[in-house]
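Let me begin by presenting the structure, written as structure tokens, before commenting on it.
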């Protein structure tokens, strides 16, 4: 079995063999589902680019190796429009696995509904929980920031990036614009939104000859942007050294 990776609550000091806290639900999973016992090997990450070897102990985990810095796999900032159902859950999970830096949802003209503060808080808690689990599952070391949903106009007015839209031509995935991706909701962006984004300096790029679902477009876009900047190529080579 592959050594489990755990996102810890406190970094501790590996040089002193410090114990670090592990969330209670994760302890139960390690002991009751994976049936690990005290002394079992673990990998710990602080979610901010550092990992260390550890062992399971009654108080959580005890560090037994130096912290190792892990390069961020993808500096992509992803802005998916709010979608129906749990489609955004899928986007958060896969974008975390791919190593994005930030996920901030967007409210556009065709967003299904406007959420009140309570609904936003519930979703944020859910997305952050999904992201933590995805980071551990994928053995990542960088937990993405997940922001409160923002309005379309506010985002395109203060940032620059690439709008993923079927009407766009071939995107330049190695460009700086491709490091910030804006993905439309079901039905896509309105003509007015596309025009506004282009006027503000955003690029417009498509994802091939077919129309992808919003959740598919987000994942494909992140993968292409990361590959376009050779992040995966370098990471693969580093791992073979």
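The values are calculated or read from the model by the stated rules, or taken from the named source; none is laboratory data. A quick note: this is a predicted structure, and the numbers were derived from the prediction, not measured. No Cβ is skipped: glycine too gets one built from the backbone with ideal geometry, and neighbour counts run over all protein chains shown.
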Inset, instruction - Just give me the residues in segment 29-46 being under 25 Å from the mean Cα position of the chain (by Cα) and at pLDDT below 90, in sequence order. - result: 29, 30
Inset, instruction - For segment 187-204, indicate whether the set of residues that are buried (at least 20 other Cβ atoms within 10 Å of the Cβ), in a loop (DSSP other than H, G, I, E, B) and without any contact (Cβ under 8 Å) to a residue 60 or more places away in the chain is non-empty. - result: yes
Inset, instruction - Mind listing whichever residues of segment 205-221 are in a loop (DSSP other than H, G, I, E, B), in contact (Cβ under 8 Å) with a residue 40 or more places away in the chain and over 21 Å from the mean Cα position of the chain (by Cα)? - result: 211
Inset, instruction - Quick one: which strands (runs of 3 or more DSSP E) lie wholly within segment 30-107 and hold at least 1 residues that are closer than 17 Å to residue 138 by Cα? - result: 41-45, 50-57
Legend entry - segment 47-81: number of residues that are under 30 Å from residue 110 (Cβ atoms) and at pLDDT 90 or above: 6
Legend entry - Conditions (1) farther than 30 Å from residue 148 by Cβ; (2) in contact with a strand residue (DSSP E or B) (Cβ under 7 Å, 6 or more places away or on another chain); number of the one not met by residue 58: (2)
Inset, instruction - May I ask you to list the residues in segment 212-230 that are at pLDDT below 90 and in contact with a helix residue (DSSP H, G or I) (Cβ under 9 Å, 6 or more places away or on another chain)? - result: 226, 227, 228, 229
Legend entry - Scan of segment 205-223 for residues that are over 15 Å from residue 103 (Cβ atoms) and buried (at least 21 other Cβ atoms within 10 Å of the Cβ), ordered by number: 205
Legend entry - Among (1) touching a strand residue (DSSP E or B) at 6+ places or on another chain (Cβ under 6 Å); (2) surrounded by fewer than 22 Cβ atoms within 10 Å (Cβ to Cβ); (3) assigned by TED's automatic domain parsing to the domain that holds residue 144 - the single one residue 81 does not satisfy: (2)
Inset, instruction - Answer yes or no as to whether residue 128 is assigned by TED's automatic domain parsing to the domain that holds residue 213, assigned to a loop (DSSP other than H, G, I, E, B) and surrounded by 14 or more Cβ atoms within 10 Å (Cβ to Cβ). - result: no
Legend entry - So residue 111, is it surrounded by fewer than 19 Cβ atoms within 10 Å (Cβ to Cβ) and more than 14 Å from residue 144 (Cα to Cα): no
Inset, instruction - Kindly indicate whether any position in segment 159-174 is closer than 30 Å to residue 69 by Cβ, under 13 Å from the mean Cα position of the chain (by Cα) and part of a strand (DSSP E or B). - result: no
Legend entry - Selection status of residue 168, closer than 21 Å to residue 72 by Cα and either modelled with pLDDT under 95 or not assigned by TED's automatic domain parsing to the domain that holds residue 197 (or both): no
